[in-house]
Amino acid sequence: MQHFLTTEDLAIETINNLIQRAQLMAQTPENFQSLARHQQLATLFFEPSTRTRLSFTSAMHSLGGTVLGFESSLSTSTTKGESLIDTIRVVSQYADIIVLRHPQAGAAELAAKYASVPVINAGDGDHLHPTQTLADLAAITQYKHRLNHLTLAFAGDLKYGRTVHSLVQALLQYGQNRFIFVSHSSLKIPVTLRTQLMAKNIDFIEINSFDDIHAPLDVIYMTRVQAERFENPDEYEQVKDAVQLTTAQQKLLSPNTLLLHPLPRGQELPTYFDHFPQAHYFDQVKAGRFVRMALIAYLLAQKH
Ligand code: NCD
């Protein structure tokens, strides 16, 4: 059975096809409104979410399907001690496809082992968030018309930020991208990702401040410091404002630079930038709905 736990689960051609299909879905949604008729999608959210859960819900409705699920584990049998494995086995009896968000890294992989329907990873702890990556790739394609030969700056929480991990991993599949990682020294990319970059001989640097960027940027990808992942709240307080996009960095935004953020945002991306033509974070949200439609349709079709 085909699951979507990491972008590496799909061949690059398939990802490109999903992005194209999503564009078509955005242009002529009426042609796709019965693709998932009589099918049910379960959204199992053990962690807070606005965009991801609602965009999956909206996507399934746009395909003519229905949605069931929960948005907090507090109202589920998890509070009675039910394991994730049992919850997945149970929900597999009701739903045709499962979307899971969970605080534990690896939870989606575990779920996929026990599910009898496709599982989509909607974020597993500080690990990966591959459907946000599809939204990001779609937004980059829309505005840059390519996913290779890009210089991208990733800023904020590169340690716990799962959207960063997923997107960087996916962009490694497309040739000749250069990465500039901007973060407090305690929030640098995980060792596993750094090892992957080095093994593939990727051009990347790790710096503490935007002031050290002199190259023209194709993409600036801002992220929030993930308060919920810190064991020690004092440590969060110390680093939460370390990297911010301020008016001083305006010079980094050339007319062709794409300013992205998976949202929700904190102080790192002031609303001041919202009216800039380079700001496309709400277009990322829009792209997310259509790539999720394409992904759901693809995974449901693979079942037969
Ligand atoms: C992200 C997440 O959940 O990882 N949100 C999202 O799905 N767009 C980013 C975040 O929470 O900072």
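Heavy-atom accessible surface of K286, to the nearest 10 Å², is about 130 Å², with a 1.4 Å probe and all protein chains retained. Diagonalising the gyration tensor over the Cα atoms of region 25-125 and scaling each eigenvalue by 5 before taking the square root yields semi-axes of 25, 14, 12 Å, largest first. Remark: accessible surface ordering of I12, I180 (largest first) is I12, I180, probe radius 1.4 Å.
Based on C-alpha pairs under 8 angstrom that are at least 6 apart in sequence, the chain has a relative contact order of 21 percent. Note that region 38-187 carries a Kirkwood radius of 16.7 Å, evaluated over its alpha carbons pair by pair. Measure out, as a whole number of angstrom, how far apart the alpha-carbon centroids of region 158-224 and region 35-104 sit. Between the Cα centres of region 158-224 and region 35-104 lies a distance of 31 Å.
The calculated FRET efficiency for the pair N256 and E206, based on their C-beta separation and a Förster distance of 22 Å, comes to about 0.35.
Ranking V239, H102, F4 by Cα position along the charge dipole of the chain, where only Lys, Arg, Asp and Glu carry charges on their C-beta atoms, puts F4 farthest toward the positive end.
Each residue was assigned an accessible area with a 1.4 Å probe, and for V191 the value is about 100 Å².
Rolling a 1.4 angstrom probe over the chain with all protein chains present gives an accessible area of which 49% lies on carbon and sulfur atoms. Taking every alpha-carbon pair under 8 Å whose residues sit at least 6 apart, region 141-221 reaches a relative contact order of 40 percent. Computed with a 1.4 Å probe on the full set of protein chains, the accessible area for T14 sits at about 30 Å².
Counting only DSSP H runs of at least 4 residues, each contributing -39500 (n - 2.57), and dividing by the residue count of the chain, the helix-based mean residue ellipticity at 222 nm comes to -11000 deg cm²/dmol. Among F290, F282, the sequence by solvent-accessible area, most first, with a 1.4 Å probe is F282, F290. Quick one: grab the alpha carbon gyration tensor of region 169-304, order the square roots of its eigenvalues as a ≥ b ≥ c, and give me rounded if a/c is under 1.5, else prolate or oblate depending on whether a/b is larger than b/c. Verdict is rounded for region 169-304. At q = 0.14 Å⁻¹, work out log10 I(q)/I(0) for region 53-97 with the Debye formula, treating every Cα as an identical point scatterer and leaving solvent out; two decimals please. Debye curve over Cα of region 53-97, log10 I(q)/I(0) at q = 0.14 Å⁻¹: -0.41.
Solvent-accessible area per residue in the chain equals 45 Å², computed with a 1.4 angstrom probe and all protein chains kept.
Within region 108-182, the percentage of alpha carbon pairs spaced more than 14 angstrom apart rounds to 64%.
Remark: relative contact order (region 208-273) = 50 percent; criterion is Cα-Cα distance under 8 angstrom and separation of 6 or more residues.
Equivalent ellipsoid of the chain: semi-axes from √(5λ) of the C-alpha gyration tensor, largest first, are 31, 23, 17 Å.
The values are calculated or read from the model by the stated rules, or taken from the named source; none is laboratory data. What you see is a predicted model, and the numbers here were worked out from it, not measured in a lab. Here Cβ is always computed from backbone atoms with ideal geometry, including for glycine, and neighbour counts include all displayed protein chains. Heavy atoms of the whole protein, side chains included, go into the accessibility calculation; ligands, DNA and RNA do not. Shrake-Rupley method; radii C 1.70, N 1.55, O 1.52, S 1.80 Å.
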